[in-house]
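Worksheet: one structure, shown below.
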Amino acid sequence: MNYQPTADDLQVILRTMKRAHLAAGPADAAVRKDRLLRAARLIRENHLAISAAISADFGNRSVYQSMLADMATTVKMLEESAAQVEQWIKPEIVESPGPGMQAWIEQQPLGVVGIISPWNFPINLAFGPLAGVFAAGNTAMLKPSELTPNTSELLAELIAGYFDPVELTVILGDAGVGAAFSGLPFDHLVFTGSTSVGRHVMRAAADNLVPVTLELGGKSPVVVAADFDLRTAIERTLTIKTFNAGQICLSPDYMMVTQEQLEPLLVLSKAFIAESFPTLISNPEYTSIISERHFTRLIGLLTDAEQKGATLINLAPGSEPAFDQATRKIAPHLVLDVTDDMAIMQEEIFGPLLPVKTYRSADEAIAYINANPRPLAAYYFGDNPQLQAQFVGQTTSGGLVINDVMTHASIDSLPFGGVGASGMGAYHGVHGFRRFTHAKPVVVQSPDGAANLRLRAPYADKAQALEWFFNS
C-alpha cells in the first residue's frame with residue numbers, strides 16, 4: 001500500500017459522493033435491495049479469497065471462524081435486510097392532529113455514511129453496518145483497518161468491481177488517514193474499536209456535528225450462580241474466549257464464581273481445552289494474535305498480573321508452552337487472585353486470558369460490576385428466576401445473555417450496541433435501518449388552517465378557551 005490519500009483528497013471524494021447522492025434523489029426500494037444483494041454476492045462469490053487474505057493477515061486464522069463469523073453471518077444480515085426493506089421504508093402514518101389535517105413520518109436517507117471498521121472481524125464489522133446503511137438508502141465510505149492489509153486491499157479491489165464509487169468506496173491508509181477520515185463532514189459516522197480511539201473519533205466528528213455510532217467493547221463480565229452447573233458455564237464461556245483467540249469485543253473479560261467453585265473450575269477448564277484443541281501451536285483451528293505489538297501487550301498483561309500476586313493457570317494441552325512468539329499464539333489462561341491494580345483488570349484484554357474473581361453474594365457481584373464502566377455485554381449463568389431478574393434489572397450493559405455468551409450478537413431482531421463507556425447507538429436488522437434513517441415528520445395543514453389560527457393575534461377572544469383548558 002503506497003498511496004496515502006491526503007485530507008484534501010478525502011474531502012473531494014466525500015463532496016463527489018454527496019453531490020451524487022443528492023442528484024440521484026431518494027433511493028427507492030429496488031436500488032436499496034440491489035445494493036444489499038450485491039454486497040452479499042461479493043462475499044458469497046469471493047469467500048475463499050477473503051478467508052485466505054484474513055488468515056495471511058493474522059498469521060493463522062481459523063478458516064471455519066472466518067467463514068462463520070465474518071462471512072456467513074454477514075451475508076445473512078445483508079440478505080435479511082434486502083427481504084425487509086420494502087416494508088421498512090413505508091411512511092409511518094400517525095393519528096390526524098386535527099380535522100382535515102394529515103401527518104406522517106417520512107423515512108429519509110441521511111446521505112453519505114462513514115464506516116471505520118476494525119481488524120478482528122474485518123468483513124462482519126465492515127459489511128454489517130452496511131446492512132442498515134444501504135437499507136436506509138444511504139451511500140458509504142469505508143475505512144478498513146491498516147492491521148489487516150491483505151484483507152483491506154482485497155476489499156478495495158472487490159468493492160471497485162461490484163459498486164460504483166459513488167455508492168461505496170474504500171479508503172486505504174494508516175492511522176493518520178483514519179484520523180483525517182474521522183474528521184470528515186459525513187452525515188453519520190460508525191466506528192468500531194477501542195474506547196481510547198473512540199474518544200478521538202468522537203472529538204473529530206464533533207467539529208462538524210456529525211452524529212456517531214460507537215461500538216467500543218469494554219470489560220464484559222461473566223457471573224456464575226453458586227448452584228449452576230459449572231461445566232456448562234465454563235464450556236460456554238471458553239468457547240467464546242478461544243474463538244478468534246478471544247479477539248472479540250464481546251469476549252468475556254473476567255469471570256466471577258464462588259470460592260467453592262474455584263477448584264472444580266480449574267479441572268473442568270483444562271479438560272475442555274484439551275478436548276477442543278488437542279494441540280495449539282500447530283493447530284490451524286487456533287487463531288494467532290493479530291500482530292507482534294498485540295502479542296507483546298498480552299504477554300505483558302500476564303507478567304504484570306503475576307508480579308502483583310496473581311496465579312497464572314496455563315490451559316495448554318499436554319506440555320505445550322504458554323505462548324509461542326514465532327506463531328504469535330498464546331494458550332488460554334485462567335488468571336486467579338486478581339486485584340484491581342493489575343493492568344489485566346483495567347483494560348480490555350482482547351486475547352485468550354480470563355481473570356477469575358470470587359464473590360460471596362449476588363449483591364456483591366452486582367456491586368462490583370456497577371462500580372466499573374458499563375460493558376458492551378454481561379453474561380449471567382443461573383436458573384433462579386428471581387436472581388436472573390435481579391441481574392437484568394440492577395446491571396447496565398450494551399447487551400445481556402443468560403446461560404450463554406455472545407448469543408445476542410447473531411440475532412438480527414435485537415439491537416447491537418454499547419452504553420456508556422462501551423459505546424452509543426445500536427444497529428442490526430430494523431434497528432440499523434432506523435439508526436441510519438432520518439425519521440422526518442411531515443404535516444399537511446387543513447384547508448381552513450385551524451391549527452394556525454390559534455396562534456394569530458389578537459388573543460383576547462382566545463384567552464377564555466385557554467383558561468377553560470387549564471381549569472378543566
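Each reported figure results from applying straightforward, stated rules to the coordinates on display, with no laboratory input. Worth saying up front: this structure is predicted, and the values here are computed from it rather than measured. Because the Cβ atoms are built from the backbone with ideal geometry, glycine has one as well, and the counts that use them run over all protein chains shown.
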- Note on the structure: P(r) of the range 220-411 over all Cα-Cα pairs, 5 Å bins starting at 0, rounded to whole percent, reads 1, 8, 17, 22, 22, 16, 9, 4, 1, 0
- Query: Which whole-Hz couplings ³J(HN,Hα) result when phi for each residue of the range 407-421 is put into the Karplus expression 6.51 cos²θ - 1.76 cosθ + 1.60, θ = phi - 60°, listed in order with x for Gly and Pro?
  - Reply: 4, 5, 5, 9, 9, 5, 7, 9, x, 10, x, x, 8, x, 5
- Message: Which one, Val443, Phe381, Ser422, projects farthest toward the positive side of the charge dipole computed for the range 291-448 from Cβ point charges (K/R +1, D/E -1)?
- Response: Val443
- Message: If you split all Cα-Cα distances of the range 1-122 into 5 Å bins from zero, what percentages do you get per bin, shortest first?
- Response: 2, 8, 12, 14, 14, 15, 14, 9, 4, 3, 2, 1, 1, 0
- Note on the structure: Spelling it out for Leu400: with amide H atoms placed in the peptide plane at 1.01 Å from N, the residues 5 or more places away or on another chain with amide H under 5 Å from its amide H are Ala378
- Taking a threshold of 18 Å on the Cα-Cα distance, which of the pairs Lys241/Lys308; Lys219/Lys308; Lys143/Lys241; Lys90/Lys440; Lys219/Lys329 fall above it? Lys241/Lys308; Lys219/Lys308; Lys143/Lys241; Lys219/Lys329
- Task: Would you mind putting 289-298, 375-384, 58-67 in packing order, based on average other-beta-carbon counts within 10 Å, highest first?
- Result: 375-384, 58-67, 289-298
- If we count every other residue with Cβ under 12 angstrom of Asp412's Cβ, Lys/Arg +1 and Asp/Glu -1, where does the sum land? -1
- Note on the structure: Going residue by residue through the range 466-472, the Karplus relation 6.51 cos²θ - 1.76 cosθ + 1.60 with θ = phi - 60° gives ³J(HN,Hα) values, rounded to whole Hz and with x marking Gly or Pro, of 5, 5, 4, 4, 6, 9, 7
- Item | Computed over the chain: relative contact order in percent, which uses C-alpha pairs under 8 Å that are six or more apart | 19
- Message: Using only the alpha-carbon atoms, how far is helix 230-242 inclined from the longest principal axis of the chain? Give it as 0 to 90 degrees, nearest 10.
- Response: 70
- Message: Classify the chain from the C-alpha gyration tensor, please: rounded if a/c falls under 1.5, else prolate or oblate depending on whether a/b exceeds b/c.
- Response: oblate
- Message: For the pair Arg454/Leu22, report the inter-label distance in nm, with labels modelled 7 Å from Cα in the Cβ direction.
- Response: 3.7
- Query: What angle, in degrees between 0 and 90 and rounded to the nearest 10, separates the Cα long axis of helix 149-162 from the longest principal axis of the Cα atoms of the chain?
  - Reply: 30
- Item | Burial order of peptide ranges 254-266, 95-107 (average beta-carbon count within 10 Å, highest first) | 254-266, 95-107
- Query: Dipole magnitude of the chain about its Cα centre, charges +1 at Lys/Arg Cβ and -1 at Asp/Glu Cβ only, in debye to the nearest 20?
  - Reply: 920
- Considering only DSSP beta bridges with both partners in the chain, what is the antiparallel share in %, to the nearest 5? 40
- Item | the range 205-278-the range 1-78 distance, computed between alpha-carbon centres (Å) | 29
- Sorted by mean Cβ packing within 10 Å, highest first, what order do the peptides 315-324, 446-455, 422-431 take? 422-431, 315-324, 446-455
- Task: Would you give the gap between the C-alpha center of the range 302-330 and the C-alpha center of the range 336-396, rounded to a whole Å?
- Result: 23
- What nm value, rounded to one decimal, do you get for the distance between Val31 and Phe469 when each label is placed 7 Å out toward the C-beta? 4.2
- Dipole of the range 81-225, Cα-centred, from +1 at each Lys and Arg C-beta and -1 at each Asp and Glu C-beta, to the nearest 20 debye? 480
- In whole Hz, what ³J(HN,Hα) sequence does the range 111-125 give by Karplus (6.51, -1.76, 1.60; θ = phi - 60°), x for Gly and Pro? x, 10, 10, x, 10, 9, 9, x, 8, 6, 9, x, 8, 4, 8
- Provide the FRET efficiency to the nearest 0.05 for the Thr339-Val267 pair, computing r from the beta carbons and using R0 = 25 Å. 0.55
- Any idea how far apart Asn384 and Ala156 come out in nm if each label point goes 7 Å out from Cα toward Cβ? 5.7
- Neighbour net charge for Tyr254 - beta-carbon separation under 10 angstrom, K R +1, D E -1: +1
- Query: Amide H to amide H, which residues 5 or more places from Leu172 or on other chains are under 5 Å from it, using H placed in the peptide plane?
  - Reply: none
- Message: Run the helix sum for the chain: -39,500 (n - 2.57) per DSSP H stretch of 4+ residues, divided by residue count, reported at 222 nm to the nearest 500 deg cm²/dmol.
- Response: -13000 deg cm²/dmol
- Message: Please report the net charge: other residues with Cβ closer than 13 Å to the Cβ of Ser152, K and R +1, D and E -1.
- Response: -4
- Message: Along each principal axis of its Cα atoms, how long is the range 233-303 end to end? Whole angstroms, biggest number first, please.
- Response: 38, 25, 23
- Report relative contact order for the range 220-411 in percent, whole number only (criteria: Cα-Cα under 8 Å, sequence separation at least 6). 29
- Query: Which three extents, in whole angstrom, do the alpha-carbon atoms of the range 126-256 cover along their principal axes, largest first?
  - Reply: 56, 34, 29
- Note on the structure: Measuring from its Cα centre, the range 220-411 shows a charge dipole (+1 at each Lys and Arg Cβ, -1 at each Asp and Glu Cβ) which, in debye to the nearest 20, is 360
